[in-house]
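Structure record follows, encoded as structure tokens.
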Amino acid sequence: MEKKKKLRVLSLGAGVQSSTLALMIEKGEVPMVDCAIFADVGAEPQSVYNHLEYLKTKLSYPIYIVQWRNLKEDIISAAKGKFTAFTAPFFSKNIETEKKSMLRRQCTASYKIKPVQQKIRELLGYSKGERVQKDTKVEMLMGISYDEMIRMKVNTIKYIENIYPLVEKAIRRNHCINWIKKNNYKTPPRSACTFCPYHSNTEWKRIKENKEEWNEVILIDKMIREQEKFKNLKSGSVKDLLYLHRDCKPIDEVDFRSAEEKGQGNLFEDFGQLDNCEGMCGV
């Protein structure tokens, strides 16, 4: 099979920023790509999958959907003692000392980054384990906005260069929303797993309004705390219990009201709380 020397790819999350970037590419405001790649972890809100289908009707270049495993199914399987070969950033609380911490995050790398990298190798014409030629260059466009510059990263694969068009154009998230409205496109949803521990209280409140999604969150939260396999993930000790929320309480017992709503006058309670994980999530 003939090997490609160059490839230009959009990493598509179907959220606000990457959807805006995808449509800017289509309109010629950003140079064209060969394709977009969407990594499906199997845990996005239905609104994200619906928006992905909408984008397919608006883009002239192909969207490839890749999946390593289904994260939600893996969590349920792990809770039943069947699959534990992953780590999600759950919050942990020691039942004796009440010390709180967070588990190491591996879900983004395993469920999003690696499947995209594998698809890129396939598009270049390389089989698994085959060495990529030195003069190969891949540009991967990332939907990170100017107000999220802290999330910019250098790709760990030498022949892949991460490109940040929104940052280069000083486009912020609110600018993306305004651009979408100005060009009469549907407003994209927020892209992130429904049960992601990185959600702010504002996002948790939004999810709670969707009965189906909220019931799923409650189920996952109970599973990671009640099953022995998850109790042992932290340090091999059942003294550490896991939670989805940083308060280390059952999710359906957490008060998501802001400090201001509670009459405490703190307007910045959610400041610094990401509604997403890192580069490949939440865009």
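The numbers here are math on the coordinates, done by the rules we state, and not lab data. Since this is a predicted model, take the numbers as computed values, not measurements. In this analysis, Cβ positions are derived from the backbone assuming ideal geometry, glycine residues included, and neighbour counts consider all displayed protein chains.
One table, with the values for the structure above:
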{"quantity": "For Glu161, residues with placed amide H under 5 Å, excluding near neighbours", "calculated": "Val138, Glu139, Met140"}
{"quantity": "Hull volume in cubic angstrom per residue (convex hull over the Cα atoms of segment 92-158)", "calculated": "149 Å³"}
{"quantity": "Out-of-range pairs (alpha-carbon distance over 31 Å; input Lys72/Lys249; Lys134/Lys186; Lys99/Lys119)", "calculated": "Lys134/Lys186; Lys99/Lys119"}
{"quantity": "Residue order, fewest to most beta carbons within 10 Å, for Thr156, Thr108", "calculated": "Thr156, Thr108"}
{"quantity": "Volume of the Cα convex hull of segment 6-253, divided per residue and given in Å³", "calculated": "142 Å³"}
{"quantity": "Residue among Ala39, Ala259, Ala22 with the largest mean-square fluctuation in a Gaussian network model of the chain, springs linking Cα atoms under 10 Å", "calculated": "Ala259"}
{"quantity": "Linear extension gain, Glu53 paired with Asn70, 0.36 nm per residue minus alpha-carbon span", "calculated": "4.2 nm"}
